[in-house]
Protein chains: 4
Amino acid sequence: MMDKKIPVAVLAATGSVGQRFIQLLDNHPWFEVTALTASDRSAGQLYGDACHWVLPDAMPEWAAKMKVLPTAPESTDAPIVFSALPADTARDAEPLFAQAGKAVFSNASAYRREPDVSILMPEINADQAAIVDIQRKKRGWKGFIVTNSNCTSAGMAVTLKALNDQFKVKRVFAVSLQALSGAGYPGVPSMDIIDNVVPFIGGEEEKLEWESRKMLGRVQGESIQPLDFAVSAHCNRVAVTDGHVVCLSVETESKVSVEEAINCLQSYQAPEVSRDLPFAPKPVIVVRSEKDRPQPRLDRMTGKGMATVVGRVRPDPLFGLKMIVLSHNTIRGAAGGSIYNAELLVNLGKIV
Amino acid sequence: MMDKKIPVAVLAATGSVGQRFIQLLDNHPWFEVTALTASDRSAGQLYGDACHWVLPDAMPEWAAKMKVLPTAPESTDAPIVFSALPADTARDAEPLFAQAGKAVFSNASAYRREPDVSILMPEINADQAAIVDIQRKKRGWKGFIVTNSNCTSAGMAVTLKALNDQFKVKRVFAVSLQALSGAGYPGVPSMDIIDNVVPFIGGEEEKLEWESRKMLGRVQGESIQPLDFAVSAHCNRVAVTDGHVVCLSVETESKVSVEEAINCLQSYQAPEVSRDLPFAPKPVIVVRSEKDRPQPRLDRMTGKGMATVVGRVRPDPLFGLKMIVLSHNTIRGAAGGSIYNAELLVNLGKIV
Amino acid sequence: MMDKKIPVAVLAATGSVGQRFIQLLDNHPWFEVTALTASDRSAGQLYGDACHWVLPDAMPEWAAKMKVLPTAPESTDAPIVFSALPADTARDAEPLFAQAGKAVFSNASAYRREPDVSILMPEINADQAAIVDIQRKKRGWKGFIVTNSNCTSAGMAVTLKALNDQFKVKRVFAVSLQALSGAGYPGVPSMDIIDNVVPFIGGEEEKLEWESRKMLGRVQGESIQPLDFAVSAHCNRVAVTDGHVVCLSVETESKVSVEEAINCLQSYQAPEVSRDLPFAPKPVIVVRSEKDRPQPRLDRMTGKGMATVVGRVRPDPLFGLKMIVLSHNTIRGAAGGSIYNAELLVNLGKIV
Amino acid sequence: MMDKKIPVAVLAATGSVGQRFIQLLDNHPWFEVTALTASDRSAGQLYGDACHWVLPDAMPEWAAKMKVLPTAPESTDAPIVFSALPADTARDAEPLFAQAGKAVFSNASAYRREPDVSILMPEINADQAAIVDIQRKKRGWKGFIVTNSNCTSAGMAVTLKALNDQFKVKRVFAVSLQALSGAGYPGVPSMDIIDNVVPFIGGEEEKLEWESRKMLGRVQGESIQPLDFAVSAHCNRVAVTDGHVVCLSVETESKVSVEEAINCLQSYQAPEVSRDLPFAPKPVIVVRSEKDRPQPRLDRMTGKGMATVVGRVRPDPLFGLKMIVLSHNTIRGAAGGSIYNAELLVNLGKIV
């Protein structure tokens, strides 16, 4: 617990990811929400009136009473800004906050492909945080932008990082079964998913095939150099509220047995600088030994929704190793991930 | 329409696959159901009383009035027997029927691995029907056993057959999203699947990795020689009533473009001997061009549930080709498949 | 089959009810679709391009090739118009068609409360069809408007009509469990209904409490006089694609046993003029004797989706009789109902 | 927190209700689980091996390491026994524990109808606890049996109690939409409930029509005299994991406005002796003002699953008042209810 909490703002606070930010920041030991923004339609109203709250736990009372502000740097003095903006709005709005000296922790995909922007996951690539100094300098910003991973890439990237450290990953097949909350609200129409599967999610396969390579990459010179391995992805939407499942087949450079893989995953540790932060999952990876786990309904809240859960580690006739990976898409894969990122940057002294 | 219909019996007629047989045989142009069998507990009752009917269309009236018989060759004079027996019972019971001169069309997995038993799909391997003569001779049976494919392998085998004919298949990644009806009744508990995915189906991955190779194989000497290619499978259960989806990545020997693959699939034709049978799907493969199809709820009844539906044919960064395959698991992948098999054997004059 | 089919138009043909009209009119023995209209955004395109088809059976080919027209009387010569317009658009547009001499069969609620407009269900109130002459005269129209019932009221009104004929209905409790398709497309967001129930549907309880009284009413002078009985309704949305369930408790003036009620329902017949029309359900009411039926997935297609299915007829400790009523909300309760209405008006010679 | 925790045993600990007992007793301030029993098949194994855990949160470690004991009084010294036994086993087994001096808190329906056994809900009928002295004397037991309410009756009984105190309840219509967990595990087959509603739950309507009258009754002489009002119930199973919804129409002797009813519900307080116990919900009833609440997924965990949530309080054209009631069926309506009962009996000094 800090002496004095750091003020933070949540951009696009009325949407489903914005709501998760508010829920997860409730009683955060370091941060205190002092500003909520939304589109012009909602600005001026009380958050309790403007927001159609869709999460199981009730809206925190402090949030209900806050006035919704316009999404502009002038709205807040907070040095930290969590952005739940949609990608198209984020593209224009987030740089304004960075320019104004804010540390922007973004859930949007808008800047993930920029070479000087990190897709940060403190348990695997804390060293990429160094890129914010380059970004500041290059772009002339007082603040910076850090993004979190795509919701589906998160668990997969953690799993591949652990395996890559010991066995070097070469090729990966990944088939996702993704939860409905990943599409936001109103998102997927119910008539499309009851008694059904939708074997398509716009742009998702491209993200999965590319993002994990950048997340496992390193800062080289002024940009982040992706790690060199190849991914093929199929993405499906299924009738699950929260929790993305990925079926993973992994080819490694060194030969690896099932036992070695399990040991490697179970013993994986976050870098020291990330290990004891409030939102750090401990352990980072939980390996289940049952024949039919992980399952979204039963396992998504493992480690308060921040852990990566792996199961059914077994031989793959083509690539050597097969397994199932689960992570909570709106906690580890969205709002929780950004909060963990902010904790890391505070810990590194990058936020004034 | 035949002059006189051929009498057929359905074994284990009260279960969910048995019910599908009865539904699909209702008004069949060649076959007439003259006997229904079930376990001793049900034998002696009227079928309408003994059976907890779980299909949307009502039980045919002729079936409701039939008396359920014990599962024994003496129960029926019918030369054709459709077996919906569970694998363990099938192992002992089906040979008795074959010995007694019946043509047994089995939905059970019990004999699929025997080298002299075909996993028959008339649209792809009608030539394997020849094995019944070898089987008769070797085993001293007057009748024979023909099995249908595993419900998940069916659509995949058809797709791979078409591609293999033109481009030779080398390696395949297959991830299934399987419907609940595949587990029979009562099958999967609802608490296991509402808001959930179960990433495990006992024995299914092994079947998928092996069966399609045998289905694409040929009779050589006294046995069926599997085709030589490699498959890696992950199998998942999802909250869908009927219709199995398979995400497929395929590596072929000859280079193939998306357009060539689509043409190849669309123009695929069943062997002439199978092409005009009552249950023959026409076309065998329907290729959808929408970005998000096939989907189980919308596409499973394509070709009265006998067609293989393929969509999202696109490049795969690792194996060259990716696509989605859907087929109806209790029609093409179970009862309908066995009926089509029987039609083929009648057409070949193998049934006296 | 008629010598020459009557041309018909479908208004708002691209929406989910419009799609049902097209599906049900495919191969209709009397009607031939000659015009499809939609909003200005879609007008000019081919129907196959403009429409995001969401029904399980494929779009009829003839429809795919038709050009979508603007929703205006000038768009078509057809004397019969099926309207799938939303209520607000229907209010302005439907009278224009009626004025232009068209017989408008509307699925919208816009005119249901007008005293000179019938909520027509040929199996129970064919005599109300006479109101179209009064309507023409009063409003100076060459054509007329006939509406179908609200999707939830339909099965309940049929059931109450049969009981009222013999025992006179006094008071009714009705609790609905309504399917998702009733909300159109995109309709209910999936996050609102997976693992959930929504105990509210805007305006629905008021409709249920009022419409059935009008449907059981009679033409008196220049208006339809509702029957005098009282209804209390609760309406819920559940995770079902098609088929509305209503739990019904009924108090009658004459005492009635369960057996008498079952006989009354089973023997109910449509008025002679409606009995043999192409879309007439035969029987009108199917009474199931199982302890746990009707169920939406198993029973909604009874009588091609036009029958009312009743089950669990049993004593009610407060009102005398309890039962479960099921009817298909987008067939009997929407498009199919309007087609049946048009058949009746043709049969009565009211359409030139 | 007590100086020394009271040892408790859980009977039938491996089933789904038994699991809830273990989950809810984890870190209980007064109770410590010292014995777990199950059927002979499981006895002797470690609980972690014998139990197929189906709850989202992981099995507590202390439970996993306990040895499963036979279900017999000799198995434990604990003075308090929580019974998750099925009704038929409970009938024989629970009296043996009571005779041996145990305070048996039962979730089974076996003894609910006995005039000297209370269906106890501390927030509404704490005075019924006095019946245990009569029971002991009459039956010659050293211990006693107290039952909790049926899962569906719980929320309804709380609501009716509050209304009855001020306005006297006369007649009630109740239609339930019940969750799957109420049927235990494996319980409802998934094929019966996906895209479906089952409008029947064996014995449930009778329980609903009778139990709430006993719960609102009083000890008179040697038995509990039910309150005199009439209930009509319809019970439905829907595709929801946890949380029973009841649509309620209530007729009261005194006229009551919607505002008065809301005030009455919101201000309802548990008797003083029950008010501050660890499992006491505060407030007892939460009234939601949104037009579409309560909903199971969003509201079932209100008050840690122990509160009764009421919404949509509105006029009823027949009975005066309509509303929606939600309560968590396996917490307030099962294991949590029994724990609250045990707390009350401890507080009353009835447990040595």
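Of note:
- The test for being in the same structural domain as residue A:71 (by TED's automatic domain parsing), more than 24 Å from residue A:158 (Cβ to Cβ) and either of a type in the set (Phe, Trp, Tyr) or at pLDDT below 95 (or both) does not hold for residue A:105.
- When segment A:255-270 is filtered for residues that are under 10 Å from residue A:163 (Cα atoms) and either small (Gly, Ala, Ser) or open to solvent by less than 30 Å² (accessible area, probe 1.4 Å) (or both), the ones remaining, listed by number, are A:256, A:261, A:264, A:265, A:268.
- Some residue of segment B:47-55 being closer than 20 Å to residue B:335 by Cα, open to solvent by 40 Å² or more (accessible area, probe 1.4 Å) and outside the structural domain of residue B:187 (by TED's automatic domain parsing): yes
- Among the candidates B:154, B:108, B:90, the residue that is open to solvent by less than 40 Å² (accessible area, probe 1.4 Å), touching a residue at least 40 places away in the same chain (Cβ under 8 Å) and under 30 Å from residue B:240 (Cα atoms) is uniquely B:154.
- Being touching a helix residue (DSSP H, G or I) at 6+ places or on another chain (Cβ under 6 Å), facing another protein chain (nearest Cβ under 7 Å) and buried (at least 24 other Cβ atoms within 10 Å of the Cβ) is a property that residue C:145 lacks.
- A single entry from C:54, C:17 fulfils the requirement of being under 16 Å from residue C:184 (Cβ atoms), assigned to a loop (DSSP other than H, G, I, E, B) and either among the charged types (D, E, K, R) or within 21 Å of the chain's Cα centre (by Cα) (or both): C:54.
- Answer from A:132, A:158, A:172 - the residue that is of a type in the set (Val, Ile, Thr) and in the same structural domain as residue A:112 (by TED's automatic domain parsing): A:132
- Residue in segment B:248-267 that is in contact with a Gly (Cβ under 8 Å, 6 or more places away or on another chain), within 14 Å of another protein chain (Cβ to nearest Cβ) and closer than 30 Å to residue B:82 by Cα present: no
- Subset of segment A:271-299 (residues that are open to solvent by less than 40 Å² (accessible area, probe 1.4 Å) and under 18 Å from the mean Cα position of the chain (by Cα)): A:274, A:277, A:279, A:280, A:281, A:284, A:285, A:286, A:296, A:299
- The set of residues in segment D:199-224 being more than 20 Å from the chain's Cα centre (by Cα) and surrounded by fewer than 22 Cβ atoms within 10 Å (Cβ to Cβ) consists of D:200, D:220, D:221, D:222, D:223.
- Members of segment C:111-124 found to be open to solvent by less than 10 Å² (accessible area, probe 1.4 Å) and in contact with a strand residue (DSSP E or B) (Cβ under 8 Å, 6 or more places away or on another chain), listed by number: C:116, C:117, C:118, C:119, C:120
- Checking every residue in segment A:76-84 against the condition of being surrounded by fewer than 19 Cβ atoms within 10 Å (Cβ to Cβ) and either over 25 Å from residue A:186 (Cα atoms) or within 20 Å of the chain's Cα centre (by Cα) (or both) gives at least one match.
- In this structure, residue D:193 does not satisfy being touching a Cys at 6+ places or on another chain (Cβ under 6 Å) and within 11 Å of another protein chain (Cβ to nearest Cβ).
- A count restricted to segment C:35-46 and to residues that are open to solvent by 40 Å² or more (accessible area, probe 1.4 Å), in contact (Cβ under 8 Å) with a residue 24 or more places away in the chain and either in the same structural domain as residue C:301 (by TED's automatic domain parsing) or out of contact with any Lys or Arg (no Cβ under 9 Å at 6 or more places or on another chain) (or both) stands at 2.
- The residue that is farthest from the other protein chains (Cβ to nearest Cβ), among those in segment C:300-317 that are of a type outside the set (Ser, Thr, Tyr), open to solvent by less than 40 Å² (accessible area, probe 1.4 Å) and in contact with a helix residue (DSSP H, G or I) (Cβ under 7 Å, 6 or more places away or on another chain), is C:306.
- Those residues of segment B:223-264 which are touching a residue at least 40 places away in the same chain (Cβ under 8 Å) and polar (S, T, N, Q), in sequence order: B:223, B:232, B:236, B:241, B:249, B:252, B:254
- Segment B:168-185: number of residues that are closer than 16 Å to residue A:195 by Cβ, open to solvent by 20 Å² or more (accessible area, probe 1.4 Å) and within 10 Å of chain D (Cβ to nearest Cβ): 1
- Candidate set: segment D:318-346, residues that are surrounded by fewer than 24 Cβ atoms within 10 Å (Cβ to Cβ) and in a loop (DSSP other than H, G, I, E, B); chosen: the one farthest from the other protein chains (Cβ to nearest Cβ): D:319
- Verdict on residue B:130 being surrounded by 23 or more Cβ atoms within 10 Å (Cβ to Cβ), in contact (Cβ under 8 Å) with a residue 24 or more places away in the chain and over 20 Å from residue B:96 (Cβ atoms): no
- Boolean, residue C:188 is open to solvent by 10 Å² or more (accessible area, probe 1.4 Å), more than 23 Å from residue D:320 (Cβ to Cβ) and within 14 Å of chain A (Cβ to nearest Cβ): yes
- Of all residues in segment C:77-113, those that are farther than 19 Å from residue C:138 by Cβ and part of a loop (DSSP other than H, G, I, E, B) total 9.
The values are calculated or read from the model by the stated rules, or taken from the named source; none is laboratory data. It should be emphasised that the depicted structure is a prediction, and the values quoted were computed from it without experimental measurement. Note that each Cβ is placed from the backbone with ideal geometry, even for glycine, and that neighbours are counted across all protein chains shown. In case anyone asks, the SASA skips ligands and DNA or RNA and just uses the protein heavy atoms, side chains included. Shrake-Rupley method; radii C 1.70, N 1.55, O 1.52, S 1.80 Å.
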